[in-house]
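Quick notes on the structure that follows.
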Amino acid sequence: MFKNHRTVVVTAATLLGIVSGAFALEIPVINETAINAAPPIDQIADQLTGTWMTTEPYKTIKSDDGTETKAFMAMSVAPVVIQGMENTMYAESSLSNTPWSPFRQAIFQLYAYKGKVRLRTYTMAVSTEALGLFVGFNAAPSYFPDLNKDQLIATLDVELDISAAGFSGSTPYPYPTGVQGAVEMTSSVTFDGTTLTTADRGYDADGNVVWGASEDSSYSFERADSYAVSNVREDGIVIIDYSTSFTDEVVADGDQMHVHYSGFLTDGSMFDSSYTRNAPFVFAFPPGNRAIVGWGIGMEDLSKGAHRKLIIPGDLAYGPNGNPRANIPGDSTLIFNVHLVHLDHPEQPAETPVQAPAEADAHEGHDHAND
């Protein structure tokens, strides 16, 4: 049953877009007995789950040299567990060319209401910093970090009806918002497992539409290949790679790696980030004693420019002693978002045998990718 799964949902711009700008409503968590009484819930979840891409470009991006690139909106859907709730989903929306940097994240819950099914949206009541912990777990939803109902704030509901091939619905009444001069908004969605369309409209105090009128308010999506793939290793490390970020320039022994990263505990605490120092962690590969064992493993086969997420179990991190200096308890699982910014290849004299890299000195900075 769907209620026993974990779900990550990247759905319509309606649900993931304007909703995040609405004034949050404190709405009680739905009665779980009522949820279980609704047969269509599993079917709705199945039709939403997966990766979606808009059929038309969502945004035009202009680079420093004036080159313009069309970016689509990417969305991913997968089941997740939220403590104290059932039939929940994690929603992530990003540009197709930067899926490792979502611009909206949300939690969804399907529940029965007066013989119908409603899709309720929630914002995560965590710090902006902590949101980085959840990024990319659509590719490994069974490892979704602990999150409970008290860390969620309900925003709006979409009431769903069975359509010819799937489901469609809209908000049962306008919800408060403060987006772009509107005081309330409505939202709608239609999907059939293959296509998905959403629409939003905002209204001013006189009831006039101030954004989202006609076709400008809708986004059409089609199913697409997943942009993130997970590799669960036998040693317990989970590696999530973004296929759009990889190149042919792969790290080799002796290369100097320049890696930007943010490191999290599973409770959302960020114990370290190279971004706060505005300087990547520079080390020779393999890092040896300059890094925890799991970090070295996680750097294997990484290519220049690539983005990757690492889930490192405690025995391959700081072990039972933890790292008091970084406020990392013993046996803590560590989660890193990493970006290989630059890669230097050592120059070798002609016809000179390549020597094994000398053992690196212990790293003396504040990079907690190391011990």
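Values in this text are rule-based calculations from the coordinates and carry no lab data. All values reported here derive from a predicted model rather than from experimental measurement. Every residue, glycine as well, gets a Cβ built from its backbone with ideal geometry; the counts of neighbours run over all protein chains shown.
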Proximal charge balance of Asp192 [Cβ under 12 Å; K/R count +1, D/E count -1]: -1
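Rounded if a/c is under 1.5, else prolate if a/b is larger than b/c, else oblate: which is region 36-94, with a ≥ b ≥ c the root eigenvalues of its Cα gyration tensor? List each step's numbers first, then the result.
Details: a/c = 5.92, a/b = 2.71, b/c = 2.18.
Cα axes put region 36-94 in the prolate bin.
Shape of region 225-293 from its Cα gyration tensor (a ≥ b ≥ c, root eigenvalues): rounded if a/c is under 1.5, otherwise prolate when a/b > b/c, or oblate? The partial results should precede the final answer.
On the way: a/c = 1.35, a/b = 1.07, b/c = 1.27.
Judged from the Cα gyration tensor, region 225-293 comes out rounded (a/c under 1.5).
Got a sec? How would Thr88, Thr171, Thr55 order by Cβ neighbour count within 10 Å, fewest to most?
Thr55, Thr171, Thr88
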Backbone N within region 112-131 under 20 Å of label point (7 Å from Asp42 Cα along the Cβ vector): 112-113, 115-119
Within region 93-199, chymotrypsin sites (Phe, Trp or Tyr not before Pro) in DSSP loop having at most 11 other beta-carbon neighbours inside 10 Å: none
Förster radius 30 Å - calculated FRET efficiency between Asn321 and Glu234, Cβ distance, rounded to 0.05: 0.75
Backbone HN-Hα couplings from phi across region 88-95 [Karplus 6.51/-1.76/1.60, Hz, Gly and Pro as x]: 10, 9, 9, 10, 9, 10, 8, 6
Reach of Lys59 by Cα under 30 Å, taken over lysines that are not fewer than 8 positions away in the same chain: Lys70, Lys304, Lys309
Thr60-Ser269 FRET efficiency (beta carbon distance; Förster radius 22 Å; 0.05 resolution): 0.05
Span from the region 82-148 Cα centroid across to the region 312-351 one, whole angstrom: 27 Å
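Using only alpha carbon pairs under 8 Å that are at least six residues apart, calculate the relative contact order of region 49-114 and give it in whole percent.
25 percent
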Cut-off 17 Å (backbone N to label point 7 Å along Cα→Cβ of Ser303), residues of region 269-295: none
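If you average the sequence gap of Cα pairs under 8 Å that are 6 or more apart and divide by the length of region 72-169, what percent do you get for the contact order?
In percent, rounded to a whole number, it is 27.
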FRET efficiency, 1/(1 + (r/R0)^6) with R0 30 Å, evaluated for Ala125 and Val209 via beta carbons: 0.50
